1. Using the alpha-carbon atoms, what tilt in degrees (0 to 90, nearest 10) does helix 51-60 show relative to the longest principal axis of the chain?
2. Which cross-chain or sequence-distant (5 or more) residues have an amide H under 5 Å from the amide H of Ile171, H modelled 1.01 Å from N in plane?
3. Which ³J(HN,Hα) values in Hz, rounded to whole numbers, follow from the phi angles of region 336-346 under the Karplus curve 6.51 cos²θ - 1.76 cosθ + 1.60, where θ = phi - 60° and Gly and Pro get x?
4. Treat each spin label as a single point 7 Å out from the Cα along the C-beta direction, and report the Ser182 to Arg250 distance in nm.
5. Working from Cα positions, state the angle (0 to 90°, nearest 10) between the long axis of helix 178-188 and the longest principal axis of the chain.
6. Quick one: putting +1 on the C-beta of Lys and Arg, -1 on the C-beta of Asp and Glu, what dipole do you get for the chain around its Cα centre, in Debye to the nearest 20?
7. Report, by chain and number, residues whose modeled amide H sits under 5 Å from the one on Val5, excluding near sequence neighbours (fewer than 5 apart, same chain).
8. Could you derive backbone 3J(HN,Hα) for region 316-329 from the dihedral phi with the Karplus parameters 6.51, -1.76 and 1.60 (θ = phi - 60°), listing whole Hz in sequence and x where the residue is Gly or Pro?
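Rule-based calculations on the coordinates, nothing more; no lab input. Remember, it's a predicted structure, so these values are computed and weren't measured experimentally. Backbone-built Cβ (ideal geometry, glycine too); neighbour counts: all protein chains shown.
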Amino acid sequence: MKVTVFGVGYVGLVQAAVFAEVGHDVVCVDVDENKIDDLKNGIIPIFEPGLTPLVTSNYDAGRLVFSTQPRHGVEHGDLIIIAVGTPPDEDGAADLSHVLSVATAIATHMQTPKIIITKSTVPVGTADKVRLKLREVLDELGKPTDFDVVSNPEFLKEGAAVGDCMRPDRIIIGTDSTKAESKLRELYAPFNRNHDKVIVMDIRSAELTKYAANCMLATKISFMNEMANLAEYFGADVEHVRRGIGSDPRIGYQFIYPGCGYGGSCFPKDVQALIRSAHAVGYPARILESVEAVNKEQKMKLFDYIYRHFNGHLAGKKVALWGLAFKPNTDDMREASSRVLMEQLWQAGATVQAYDPQAMDEAQRIYGSRSDLKLMGTKEAALDGADFLVICTEWQVFRAPDFPLIKEKLSEPLVFDGRNLYEPDRMLEYGLLYYAIGRGLSV
Ligand code: UGA
């Protein structure tokens, strides 16, 4: 099938490459000329396992084409996917200007009927706005061309995006058109194996499903972080509690890991956007507000431990930091807990020596060269001359470190772990004082 994808961000690029891989003819359009040039030269703007070979092999095979020309994309695709960003505006609502400008471009250049698919995470009612915009521009140009608008949200996770796209749990199709439904079923047929994963619904329900999924997951995390905080007051160990409740299949083990808060480009933004949408219709959204508030506080948790441990005397301390990315297997530092921590440490007069397996360039890009941040080449180098160690991301390479070396290198045998990677008893055996989230027992 002939598919066009507007926006080569995470969602657009991965989905485009995966469509090309199963034999669809895909054109990707983006306004960012540098990004498009890089992609043509095999330079992938994001770190995502498995993505580079997928993009380059399909580009070489001619099934994946990159362009900065909206006309090229609109003429090519019978199905046109909108996967551009919806960044939060100043009060947290999703900014739809990119989505609507793509709609304008589509209407301007379309000569034949098209199916327009919104894949960006967009507030309920956006498909109607896209439809209106298309109609308005088509009317202005005196073109009676027919089109359908479909909501088809994406559920991929960074770090596992290619696999998630290849083997989706579900394929949500929000539409009021049987013709559009059957075209999307055909588009997704290569991924719809074993059992029917397609769930068809009205457009508004599809739009809300996307937010509901992310907000539910964020709720699980904030709930668990609240349990961790309570465990500290009660002298319980949240890791036992986690296993205890996760064993109930109604609760499940996933997304109940307590930690130093959730980050990334989705959860914080989507929870906030749904709160704003709720307020706009006069609904208070108390659960979502609490989820957000708990997460904001949780991101300050590590600094709290550190501040209390040193009675506020942090000026001149050198802090080893393992993990900058908001989660493992990505170089993404958007809304990462490490950033909140570093900013608090700097404000208190401490300096940071950080190591992350992927996010070093990103940290350099965000913070430039500042004298209170040193980016180190290995996790061991980050310990050199440091006073204590803090962990913000659960990269696999941090899970079984050389504990005696940590003790030897740090001026104080002190580890603050925001991801609960180690057993408190083992840390005691190694002579390390260990602060973890909701495991107050060893402190
Ligand atoms: C999230 C969703 O998981 C995807 O299904 C969705 O498609 C995507 O947002 C999106 O809307 O595009 P992602 O942001 O890549 O995916 O990351 P997650 O793996 O969900 O992790 C989010 C944050 O939650 C991370 O900071 C992680 O450390 C934290 N987390 C996760 C916890 O603190 N505890 C857990 O138990 C799980």
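1. Tilt relative to the chain: about 30 degrees.
2. So Ile171 has HN proximity to Val198, Ile199.
3. Going residue by residue, I get 5, 4, 4, 6, 4, 4, 4, 5, 5, 5, 4 Hz, with x marking Gly and Pro.
4. In this crude spin-label approximation the distance works out to 4.3 nm.
5. Taking the Cα atoms of the chain, the angle to 178-188 is about 50 degrees.
6. 460 debye
7. Val27, Cys28, Val29, Ile81
8. Using θ = phi - 60°, the values come out as x, 6, 10, 10, 7, 10, 9, x, 10, 5, 5, 6, x, 6 Hz.
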